[in-house]
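Have a look at the structure below, then the notes.
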Amino acid sequence: MADESATSATAPDQDVLARIDITVPHSARIWNYWLGGKDNYEVDRVAGDEFRKVSPSVVEVARASRSFLTRTIRYLAGEAGIRQFLDIGTGLPTIENTHEVAQRVAPESKIVYVDHDPLVLAHARALLTSAPEGVTQYIDADLREPDKILAAAADTLDLSQPVGLILSGILGHVSDTDEARSIVRRLLAELPSGSYVSINDGTSVIAAEVAEAQDRYNETGAIPYTLRTPEEIASFFEGLELVAPGVVSCPLWRPEGSAGTPAELDAFGGVGRKP
């Protein structure tokens with residue numbers, strides 16, 4: 001029998017849980033499953049397992065994307081000196097969340113999370129933990145509402161000071177690339193010089209079977225996700241100063257350790273600075 005409840009230690013609000021559709025898989029919950037989390041349902045685990053049958057590398061891709069996010073935030077809070085973060089498409093709390101990484105480097109960092117999935121909202125209290133010197137806040141909004149996001153973020157962040165904008169694995173949910181570029185431009189337009197954006201998304205240039213797995217997933221009734229070429233992902237950084245090594249497969253972006261050059265995977269990303 002299908003599991004009718006997600007298990008979590010965060011005691012989500014039951015009124016919000018009532019809004020969750022457990023009849024179709026959801027990408028945030030599937031990624032939570034792939035990353036070893038418990039905030040997922042039977043329908044998500046089935047979809048995740050079906051995807052993995054066709055594309056066995058997907059769990060490695062999910063972990064590489066998360067590791068890329070961690071390294072970019074560490075770079076922004078450390079070398080770049082960013083103290084404010086706007087993380088859109090937060091997903092479900094797992095390990096090494098944005099506030100944990102940023103506040104480990106700089107406890108005074110302010111983080112605003114944005115998502116519109118009701119399960120993420122139900123677990124928002126887990127995201128709102130913060131170092132005493134810093135702040136975390138949560139906005140219930142969709143990526144396609146940049147004006148709403150910016151207006152709400154201004155209640156917590158000083159948008160006259162540099163901000164680290166995080167778009168991790170989210171732009172693929174905007175199928176039209178021109179629309180996705182427009183959203184990125186609109187968000188960056190309200191951020192001052194010296195702000196940064198970290199972007200990573202899925203591709204199908206390393207393992208051809210990823211495209212087939214994604215097509216099958218998109219047919220389940222879940223919110224579809226569009227795989228893009230590395231060149232299309234690079235186009236989101238137009239007008240920005242790319243931080244070395246540019247837009248690359250996520251494991252190749254400033255890898256840590258001394259185990260040699262990591263293998264490329266079907267997630268590409270980069271970090272850009274607004275001049």
Being exposed (fewer than 13 other Cβ atoms within 10 Å of the Cβ), at pLDDT 95 or above, in contact with a Phe, Trp or Tyr (Cβ under 9 Å, 6 or more places away or on another chain) and not aromatic (F, W, Y) is the requirement here; does P230 meet it?
no
Can you tell me how many residues in the stretch 47-84 are of a type in the set (V, I, T), modelled with pLDDT of 95 or more and out of contact with any helix residue (DSSP H, G or I) (no Cβ under 7 Å at 6 or more places or on another chain)?
1
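Would you point out which residue out of I149, I82 is of a type in the set (V, I, T), over 15 Å from the mean Cα position of the chain (by Cα) and within 18 Å of H173 (Cα to Cα)?
I149
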Between E190, E219, which is at pLDDT 95 or above and farther than 21 Å from V248 by Cα?
E190
Of the conditions (1) under 15 Å from the mean Cα position of the chain (by Cα); (2) within 22 Å of R83 (Cβ to Cβ); (3) at pLDDT below 95, S130 satisfies every one except a single condition; which number is it?
(1)
Being more than 19 Å from I199 (Cβ to Cβ) and β-branched (V, I, T) is the filter; apply it to the stretch 86-102 and report the residue that is surrounded by the fewest Cβ atoms within 10 Å (Cβ to Cβ).
I95
What number of residues in the stretch 46-98 are closer than 25 Å to D140 by Cα, assigned to a helix (DSSP H, G or I) and in contact with a strand residue (DSSP E or B) (Cβ under 9 Å, 6 or more places away or on another chain)?
10
Conditions first: (1) without any contact (Cβ under 8 Å) to a residue 12 or more places away in the chain; (2) within 21 Å of V120 (Cα to Cα). E79 passes all but one, so which condition is the exception?
(2)
Take the residues in the stretch 103-127 that are modelled with pLDDT under 95 and among the charged types (D, E, K, R); name whichever of them is nearest to R19 (Cα to Cα).
D117
In the stretch 233-269, anything surrounded by 12 or more Cβ atoms within 10 Å (Cβ to Cβ), in contact with a strand residue (DSSP E or B) (Cβ under 6 Å, 6 or more places away or on another chain) and not in a loop (DSSP other than H, G, I, E, B) is listed as I233, L242, S249, C250, A267, F268, G269
Among the residues of the stretch 120-134, are any polar (S, T, N, Q), farther than 18 Å from G169 by Cβ, in contact with a helix residue (DSSP H, G or I) (Cβ under 7 Å, 6 or more places away or on another chain) and crowded, with 20+ Cβ neighbours inside 10 Å?
no
Pull up the stretch 19-34, narrow it to residues that are modelled with pLDDT under 85 and not in a helix (DSSP H, G or I), then point me to the one that is surrounded by the most Cβ atoms within 10 Å (Cβ to Cβ).
H26
Hey, does the stretch 197-208 have a residue that's of a type outside the set (S, T, N, Q), assigned to a strand (DSSP E or B) and touching a helix residue (DSSP H, G or I) at 6+ places or on another chain (Cβ under 6 Å)?
yes
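Let me confirm something: among V248, V271, which residue is within 25 Å of S55 (Cα to Cα), under 20 Å from the mean Cα position of the chain (by Cα) and in contact (Cβ under 8 Å) with a residue 12 or more places away in the chain?
One residue alone meets the criteria, V248.
The values are calculated or read from the model by the stated rules, or taken from the named source; none is laboratory data. As the structure is a computational prediction, the values presented were derived from the model and not from experiment. Cβ atoms come from the backbone with ideal geometry, glycine included; neighbour counts cover every protein chain shown.
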